[in-house]
Amino acid sequence: MRLRDYQEIALENLRESMRVGNKRILLVAPTGSGKTVIASAMIQAAEQRLKNCLFVAHRRELVNQCSDKLRQFDVSHGVLMAGRSGNIGARTQVASIQTYTIRKDNKYFMKPRADLIILDEAHRSVSKSFQDLINEYPDAYVIGLTATPVRNDGKGLGGVYDDLVECGNIRKLTSEGYLVPNRVVAPTMPDLQGLKIMAGDYEKRGLNTRMNKPKLVGDLVTHWIRHAENRPTVVFATSIAHSRFIAKIFKDNGIPAGHVDGEMDELERETVLHDLHTGKIKVLSNCQVLTEGWDEPKVSCVVLARPTKSYGMYLQMVGRSLRPFEGKDDTLIIDHAGCVYEHGFPEDVPEWELTEDKITRPKKKSTPIEKQPFTCTQCNAVYQPTRVYRTCPVCGHAPTEADKKVLIKQGRLVELEKAKDEITAQNKQDFYAQLLYHSKQKGYKQGWADWTFKEKFGHFPHSKRVMPMPVGDEVKGFLRHLQIKKAKSNGGAYVGRR
């Protein structure tokens, strides 16, 4: 397999880190960037130098995923996992950490040799099972793979690794077409006041009690119908009961849906996942199963029904839908959990630092105003208001003072910065030129552009001596806003196209 440019760069940076004496290195790459591909390329190169390799993961799906990828790289290997017969003569072994832990103390167990150990989902490296395995191989190089180099309690992994190598980021890989753009809507905000925090996140029982209510679950369905446009969707729930309830309400509304959780039989779980893959179901709800190591590129909508204080979990959840797929222009994140206000937009990932303390990341209070999320009161889209781009990029609605007061009361807005730069005459002239272009394309009556201009600026254009010019995002957004406004005045609803 041919590696992408950023994957080649990551491999070279790993080698350079080894050359300067680092034995334990953390490779950080966004979900969907191909961490298993990089690992397989490393193993292939190590085998060519007659080195022994051990790839370790904590879930069957990840073990099978690595095994499949190694076959594509033509690497002979064994698999250490319940129900699989291994190839103990192979230089490379792919192991389930649970199987390894159970078997290692058995006197008949032949411990794999390892010059290179690769740990998948390496934010789990501080667990006893992973630490025991690392200690079994004091002379081996250890490479940890993760999209989120932070534990659930918010602390870093500097106590385990010597160096950190980054492999791109969400913003860069999106701009290069390796990940799809994301859009965020936040139709509702959960009431999380008074919930206890345990191990860095909301206490599970209290969180479930707060979120698993008929009205809140009904809101999930209502807003999915409004925003998701029949997209293949994965929902993240607070508990098994919550996830089952979500799937039921979707089905009661005529939307094919399923549910998976960690207590299900493996065959049953795989059947439901296959149903999503084939389109038999549109919505798949889950509890703590699909957060890590699950790949279904066709998914183009994530519903966050599980509030979390964990930045790592937030990135893992939204990352499930960032992979490209044929006909997939973007992904939609429907945030009913307040995550975008807790953690920011998915692409605003910081440069990671290897530390044992809490991760270094801009705190909400010190975040510049243009980085603060703003929820449009007309279409629920979440965007970053700026001096240049003060209206909603989706529907064109300009927030009123009443809108701001509502959102401030809900805790979803830090007051917008007053615009220092007024709209210039050239801005208005360009806007009018684009309206003329749109009018000619649609065959509208003479005067449509003038009246639409007045709807936007409160007066007719001062000069009509302009040449029509192609329509940009701001004008498109304003026209969508007018459509929504008209639909609402007629008692109907407007559903935009992707």
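Just so you know, all these numbers are worked out from the coordinates, no wet-lab data involved. Just so it is clear, the structure is predicted and the values come from calculations on it, not from any experiment. All Cβ positions, even for glycine, are placed from backbone atoms using ideal geometry, and neighbour counts span all protein chains on display.
So here's what we get for this one:
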quantity	calculated
Helix 473-489 axis, angle to the chain major axis (alpha carbon atoms, nearest 10°)	70
Read-out volume of the Cα convex hull per residue in Å³, derived from the coordinates shown; its label in (i) 151; (ii) 178; (iii) 722	(ii)
Cα centroid separation, region 82-139 to region 273-309 (Å)	29
Cα-based reach from LYS428 at 19 Å (exclusive), listing aspartates and glutamates while leaving out same-chain residues under 8 positions away	ASP450, GLU455, ASP473, GLU474
Region 116-196: trypsin sites (Lys or Arg not before Pro) falling in loop per DSSP and having at most 13 other Cβ within 10 Å	LYS196
222 nm mean residue ellipticity, helices alone, for the chain (DSSP H n ≥ 4; -39,500 (n - 2.57); rounded to 500)	-11000 deg cm²/dmol
FRET efficiency for ILE197 and PHE109, using Cβ-Cβ distance with R0 set to 41 Å, rounded to 0.05	0.50
Cys with no candidate disulfide partner in the chain (beta-carbon separation under 4.7 Å rule)	CYS53, CYS66, CYS167, CYS287, CYS301, CYS339
Residues with amide H under 5 Å from that of VAL235, placed H, sequence gap 5 or more	LEU284, SER285, ASN286, VAL303
The chain: antiparallel DSSP beta bridges as a percent of all, rounded to 5	15
Linear extension gain, GLU8 paired with GLN72, 0.36 nm per residue minus alpha-carbon span	21.3 nm
Order of HIS274, HIS223 under a 10 Å beta carbon neighbour criterion, fewest first	HIS274, HIS223
Selection of trypsin sites (Lys or Arg not before Pro), region 32-97, meeting DSSP coil and at most 13 other Cβ within 10 Å	ARG49
Label zone at THR101 (point 7 Å along Cα-to-Cβ), backbone N below 19 Å, region 65-80	80
Label point distance in nm, THR209-PHE325, each placed 7 Å from Cα along Cα→Cβ	3.8
Efficiency of FRET from Cβ geometry, GLU229 and ASP275, R₀ 25 Å, rounded to 0.05	0.80
Listed residue pairs exceeding 21 Å between alpha carbons, taken from LYS69/LYS111; LYS464/LYS486; LYS204/LYS298; LYS196/LYS248; LYS35/LYS69; LYS128/LYS196	LYS69/LYS111; LYS464/LYS486; LYS204/LYS298; LYS196/LYS248; LYS128/LYS196
Rough spin-label spacing in nm, given labels placed 7 Å along Cα→Cβ, for ILE88 and GLU16	4.3
Loop chymotrypsin sites (Phe, Trp or Tyr not before Pro), region 75-123 (other Cβ atoms within 10 Å of the site Cβ: 11 or fewer; DSSP)	TYR108
Efficiency of FRET between LYS442 and THR400 - r from beta-carbon atoms, R0 22 angstrom, step 0.05	0.15
Segment LYS486-ASN253, extension gain: residue separation times 0.36 nm, minus the distance between their alpha carbons	81.2 nm
